[in-house]
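The values are calculated or read from the model by the stated rules, or taken from the named source; none is laboratory data. Please read these numbers as outputs of a predicted model, since none were measured by experiment. No Cβ is skipped: glycine too gets one built from the backbone with ideal geometry, and neighbour counts run over all protein chains shown. The area values use the complete protein model at the heavy-atom level, side chains included, leaving out ligands, DNA and RNA. Shrake-Rupley method; radii C 1.70, N 1.55, O 1.52, S 1.80 Å.
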Amino acid sequence: MNRDDLRELALIRLEDARVLLENERYEGAYYLCGYVVECGLKACIAKQTEQYDFPDKNTVNHSYTHDLMRLVKVANLLLDEEMKKDKDFATNWTVVKEWTEESRYEKSGENNRDLYNAVIDTKHGVLQWIKRHW
């Protein structure tokens, strides 16, 4: 899997989440929205590896996680700066950071639309921020 694959997968999962939301399959949409962010962050990490370079072992080991905060750190993204600069983004990130891979076991209903909106917001969304770095 390479950077292009991860970017494409993020967009595919976003479309899947949209379809699930339209069909009131909120839990599945919530779960997939988290993977949209995860795949996007991993694309940012992949961008750091130059062709033919042997990647740093710590970077590799810390990349194999579903923990969004850890992925932000591994990707060397300036999350705190972005949150200070853009309060709407900060609000969206607050929603997104609550996602975990364990969410696949949770039933939480229609409020899962909040995560989708935090991801897709065209001006202050988490995916828009990630796209600037992937």
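Descriptive notes on the structure:
- When the criteria are applied in full, residue 28 fails the requirement of being within 16 Å of residue 131 (Cα to Cα), open to solvent by less than 40 Å² (accessible area, probe 1.4 Å) and part of a helix (DSSP H, G or I).
- Checking 60, 95 one by one, the residue that is open to solvent by less than 100 Å² (accessible area, probe 1.4 Å) and within 17 Å of residue 32 (Cα to Cα) is 95 and no other.
- Verdict on residue 52 being open to solvent by 30 Å² or more (accessible area, probe 1.4 Å) and more than 21 Å from residue 128 (Cβ to Cβ): yes
- Residue in the range 71-80 that is under 17 Å from residue 1 (Cα atoms), modelled with pLDDT of 95 or more and under 16 Å from the mean Cα position of the chain (by Cα) present: yes
- In the set 26, 52, 64, 31, only one residue is under 13 Å from the mean Cα position of the chain (by Cα) and among the hydroxyl-bearing types (Ser, Thr, Tyr); that residue is 31.
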